[in-house]
Amino acid sequence: MSVSAAPVLITGASQRIGLYCAERLLADGHPLIVSYRREREGLRRLRERGALTLPADFSSEAGILAFIAELKTHTDRLRAIVHNASEWLGETPGAEAAAFQRLFSVHMLAPYLINLHCAELLRRSTPADIVHISDDVARKGSAKRPAYCASKAGLDNLTLSFAAKFAPQIKVNGIAPALILFNPEDDADYRAKTLEKSALGIEPGPQVIYQSLRYLLDNPYVTGTTLTVNGGRHLK
């Protein structure tokens, strides 16, 4: 991806894969804006390297619109938007509707409104991209987390719709990861069972998502595509 004076926006990049991608973009010389829900150590590192960090609450329309308004006070153009913000909620008895609404807001409404209201910022940059970070689980669904899967599947569909809507000025693509990076608290039994779910059977680390992101940002002839980065889970 050629370095542009226009910044890249990554939502939810205060930890794990989002933070890794943010640090790699900074290392490659790209101006960066990051949204975050809560303060974390990784944000300090990003600020020290020149990133602008903005708090955001994507659980409501008001919070999303407030973030967009604040973003526009800091920049009049964007090289790319990477929608990485995500919520991992189960549906507990009696609170199913609240969980569904929150997941819908974070995974679908926030990207939808940000894309619509920031398209003008992207059109001031050439090239310009939107990348939705989805989840491979949306491919088959989940008996344990149907609301999560439905909202991520909806995000995949937004990739198709916005790719058609914004072409040819803005490319819109997605990435659908499966196991990328274990949590420190994951025990050996869980790790072994999870690794068995894929054909390659490895924990690849966050670099594979950055490689996928770079491919989508660098390639001028790909839009409306969601890259599956799942180690061959669909083969088992």
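Each value in this text was obtained by applying a stated rule to the coordinates, not by laboratory testing. Bear in mind the structure is a predicted one, so any value in this text is a computation, not a measurement. When we count neighbours, we look across all protein chains shown, and the Cβ atoms used for this are built from the backbone with ideal geometry, even at glycine.
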Fully extended contour minus Cα-Cα distance, from TYR190 to GLU39, at 0.36 nm per residue: 51.5 nm
Net +/- balance of residues flanking LYS140 in space, Cβ distance below 13 Å, scoring K and R +1, D and E -1: +4
Integer Hz, Karplus 6.51/-1.76/1.60 couplings in order for the stretch 69-85, x for Gly and Pro: 4, 5, 4, 5, 7, 9, 8, 10, 7, 9, 6, 7, 10, 10, 8, 9, 4
Virtual spin-label span in nm between THR73 and ARG214, 7 Å along Cα→Cβ: 3.6 nm
Cα gyration tensor, the chain - rounded (a/c under 1.5), prolate or oblate: rounded
Interchain or long-range residues, amide H under 5 Å from VAL82's placed H: LEU9, ILE10, THR11, VAL131
Cβ-Cβ FRET estimate between ALA167 and LEU54, R0 fixed at 25 Å, reported to 0.05: 0.30
Rounded to whole Hz, the Karplus (6.51, -1.76, 1.60) HN-Hα couplings of the stretch 206-212, x for glycine and proline: x, 4, 5, 6, 5, 4, 5
The chain: relative contact order as a whole-number percent, Cα under 8 Å and 6+ apart: 18 percent
Largest-first principal axis extents, alpha carbons of the stretch 48-136, Å: 47, 29, 27
Prolate/oblate/rounded call for the stretch 120-236, Cα gyration tensor, a/c under 1.5 rounded: prolate
THR225 long-range amide H proximity, modeled H, under 5 Å: GLY174
